Amino acid sequence: MNRIDKRFRDIKEKKGKAFIAYICAGDPDISATEKLVLEFDRIGVDIVELGIPFSDPLADGPTIQKASQRALEGGVTLGKIFSLISSLRKKTDIPIVLMGYYNSVYNYGIVRFIKGAKASGADGIIIPDLIPEEADELIFVARQCDFKTIFLAAPTSTRKRIKLIAQKSTGFIYYVSLAGVTGARAALPTHISEHIRTIKHLSSKPVCVGFGISTPEQVKRLSHYCDGVIVGSAIINRIEKSLPDRPKAIRDAVIFVKNMVRGVR
Amino acid sequence: MRPDKRGYFGIFGGKYVPEILMAALGELEIEYEKAKKSKSFKRELDYYLKQYAGRPTPLYFARNLTRFLGGARIYLKREDLCHTGAHKINNTLGQALLALKMKKPRIIAETGAGQHGVATATVGALFGLECDVYMGEEDIERQSLNVFRMKLLGARVIPVSTGSRTLKDATNEALRDWVTNVRTTHYIIGSVVGPHPYPAMVRDFQSVIGKETKYQLKAIKEKQPDYLVACVGGGSNSIGLFHPYFKSKAKFIGVEAAGHGIRTGKHAAALLMGRVGVLHGSKSYLLQDGDGQVKIAHSISAGLDYPGVGPEHSFYKDNKRARYVSVTDKEALEAMKLLSETEGIIPALETAHAISYLNKLRTKKGQVVVLCLSGRGDKDIDIIKGII
């Protein structure tokens, strides 16, 4: 059974919700990413999203843009990310989802990418600039090895599109909380709960919410409506603030995430 | 030819965008399909093209240049004489009318050379639409005249300091704005790039260039062209000239920017040197490294300084309908001088790339070449005054 499915099954049994943490692979370097993932596992993060840095991250706000740039300047490549996951898999069983732009996948080769990711121990992929209609080959290859394809639904998605997104998503459905790019926001739109209810009405798959979430209070409130909450930029802001002191950056991020995790318990 | 239902020219094109934009792309597609069939939309657009933008633009027989080069008869399609000084207004008028139909009170654009930014700011002023234009900091420096024009026209010019500080990152920022304000904003993409329906839609608006050329040649009893020549950045003026001749025997020649030289790595020749990839919403040839990171392009001409290219050009390249060649910064500067001195026409640096290629094109007497003179060169004076 895929680690993501297993995790959601366990969470459901405990009547809990998932906390999902996003960090950019290689920001500020690969060994920091490795430490962060292991710490996140220890403090109860349910799923880790590992960002694949890209030169033109058009769905990301300044925080993740800068994180990608730091990672790229450090020389991170897809090959290095796969090796990182392989090495993590000797130490942890935390579900790992890759998140990256389509050109990274397409350039690497769709079959080669999914086989490589799966073999390294990754459990699924989120591609913010890939809609299900353009993903036939990716889905076909992923299904053969139970590699999860997580598509995004947005506040502007019609019911028809939500149905398609839900149907093509495996593992979970990623609901984008707002019209905009990634990045911590003080306030979130008011209609999130209604949108999530619509999605849950149309599909029985887990629905997780991301984009803009930055406080334990927001995590707690959102967790009432959905199956999981995703936080990225707010964590990266903590890392960035303490750089170039890497040990401190890791410590601060872990303390911050620990508070966030409490929001779903 | 039309792209297929999913917006593909062969394997190129498609919709590679965040889900949040799908509703807006769907709306645009419906509105554009309606407009294409609507006589009143055509009347309205024709009215503005004629009375406001000054179409039809002349097809000028360049006698001196023809004599100088000693081969084919060379005609210049004078898009530089369009209102705002380049072909870009053909597209922005069309898209602004669509924005009005979609009841979007705000328009945004990316710009490199600033010609598309000016053309967007112009229709913003004309139709009372709020207008923001994204422009890389390097381009703001090298095309300062156009920055001033945009501001005078009431647009906000938003400087982009990330990445290349040129057109590529201006496009990223414009897309991020659109993702955020999609409910109130129409994004006027300035070239035949982006997700479907943009490449086909912008091409259709620019096809007025080739359509006029056809009847203007007929009107002077000239034969139809053996060669069509135009510069290619994203590729809108070239597609606009080529498209109406798709089924003819005319040979299409697209001239890319070779920057410092095509082997130096400092160029913008996506079709000649790129590999297929996905950027800014569509699949096309792209300058990228081994790991799929997009390379920073280089060209002296801000309008060609872009690592991607429109998907229909990629299709033309693969099926060999068009031939793509390249011209360096230096050659373009020489051509700018040549046209200024022989014909008294100062072309934009972008256009100068196409002109330069005429030196290499082996033509015979009796043949006909039409070159799209896509824009005028006033904007480039700051760049060239230290060089020429």
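The values are calculated or read from the model by the stated rules, or taken from the named source; none is laboratory data. Predicted model, so just to flag it, every value in this text is computed and none were measured. All Cβ positions, even for glycine, are placed from backbone atoms using ideal geometry, and neighbour counts span all protein chains on display. Accessible surface areas use protein heavy atoms only, side chains included; no ligands, DNA or RNA. Shrake-Rupley method; radii C 1.70, N 1.55, O 1.52, S 1.80 Å.
Some observations on this one:
- Being free of Cβ contacts under 8 Å to residues at least 60 places away in the same chain and within 14 Å of chain B (Cβ to nearest Cβ) is a condition met by no residue of segment A:217-227.
- Any helices (runs of 4 or more DSSP H) falling wholly within segment B:285-388 and containing at least 2 residues that are over 16 Å from B:ALA269 (Cβ atoms) and without any contact (Cβ under 8 Å) to a residue 24 or more places away in the chain: B:329-343
- Residue check, A:PHE151 aromatic (Phe, Trp, Tyr) and over 27 Å from A:LYS12 (Cβ atoms): no
- Segment A:46-73 - residue that is outside any helix (DSSP H, G or I) and more than 10 Å from chain B (Cβ to nearest Cβ) and, of those, farthest from B:SER161 (Cα to Cα): A:ASP46
- Candidate set: segment B:185-213, residues that are closer than 20 Å to A:LEU130 by Cα and not β-branched (Val, Ile, Thr); chosen: the one surrounded by the fewest Cβ atoms within 10 Å (Cβ to Cβ): B:PRO197
- Helices (runs of 4 or more DSSP H) wholly inside segment B:110-194 that include at least 2 residues being among the charged types (D, E, K, R) and within 13 Å of chain A (Cβ to nearest Cβ): B:167-181
- Residue count for segment A:198-217 satisfying the condition of being out of contact with any Asp or Glu (no Cβ under 9 Å at 6 or more places or on another chain), open to solvent by 10 Å² or more (accessible area, probe 1.4 Å) and not aliphatic (A, V, I, L, M): 9.
- Hits in segment B:124-135 (condition: without any contact (Cβ under 8 Å) to a residue 60 or more places away in the chain and either surrounded by 16 or more Cβ atoms within 10 Å (Cβ to Cβ) or of a type outside the set (D, E, K, R) (or both)): B:GLY124, B:ALA125, B:PHE127, B:GLY128, B:LEU129, B:CYS131, B:ASP132, B:VAL133, B:TYR134, B:MET135
- A:ALA253 being under 17 Å from the mean Cα position of the chain (by Cα), in a helix (DSSP H, G or I), among the small types (Gly, Ala, Ser) and surrounded by 15 or more Cβ atoms within 10 Å (Cβ to Cβ): yes
- Here A:VAL76 passes the criteria (1) outside any helix (DSSP H, G or I); (2) within 14 Å of chain B (Cβ to nearest Cβ); (3) surrounded by fewer than 20 Cβ atoms within 10 Å (Cβ to Cβ) except the one numbered (3).
- Within segment A:223-254, being out of contact with any Leu (no Cβ under 8 Å at 6 or more places or on another chain) and under 19 Å from A:ILE126 (Cβ atoms) holds for A:CYS226, A:ASP227, A:GLY228, A:ILE230, A:VAL231, A:GLY232, A:SER233, A:ALA234, A:ILE235, A:ILE236.
- Residue count for segment B:263-290 satisfying the condition of being in contact with a helix residue (DSSP H, G or I) (Cβ under 6 Å, 6 or more places away or on another chain) and more than 19 Å from B:TYR198 (Cβ to Cβ): 2.
- Residue within segment B:268-275 that is in a strand (DSSP E or B), open to solvent by 10 Å² or more (accessible area, probe 1.4 Å), more than 11 Å from every other protein chain (Cβ to nearest Cβ) and at pLDDT 95 or above present: no
- Taken over segment B:5-38, the criterion of being within 22 Å of A:ASN103 (Cα to Cα) and assigned to a loop (DSSP other than H, G, I, E, B) is satisfied by B:ARG6, B:GLY7, B:GLY10, B:ILE11, B:GLY14, B:LYS15, B:TYR16, B:VAL17, B:PRO18.
- Of all residues in segment A:125-144, those that are away from every other protein chain (no Cβ under 14 Å) and either surrounded by 21 or more Cβ atoms within 10 Å (Cβ to Cβ) or polar (S, T, N, Q) (or both) total 3.
- Output for segment A:114-124, where each listed residue is within 23 Å of B:GLY290 (Cβ to Cβ), of a type outside the set (Gly, Ala, Ser) and crowded, with 24+ Cβ neighbours inside 10 Å: A:ILE114
- When segment A:168-197 is limited to residues that are more than 12 Å from every other protein chain (Cβ to nearest Cβ) and in contact with a Lys or Arg (Cβ under 7 Å, 6 or more places away or on another chain), the one that is most open to solvent (accessible area, probe 1.4 Å) turns out to be A:THR170.
- Verdict on B:PHE9 being in contact (Cβ under 8 Å) with a residue 24 or more places away in the chain, open to solvent by less than 70 Å² (accessible area, probe 1.4 Å) and more than 22 Å from the chain's Cα centre (by Cα): no
- Index of the failed condition, A:PRO95 passing every other in (1) within 14 Å of chain B (Cβ to nearest Cβ); (2) open to solvent by less than 10 Å² (accessible area, probe 1.4 Å): (1)
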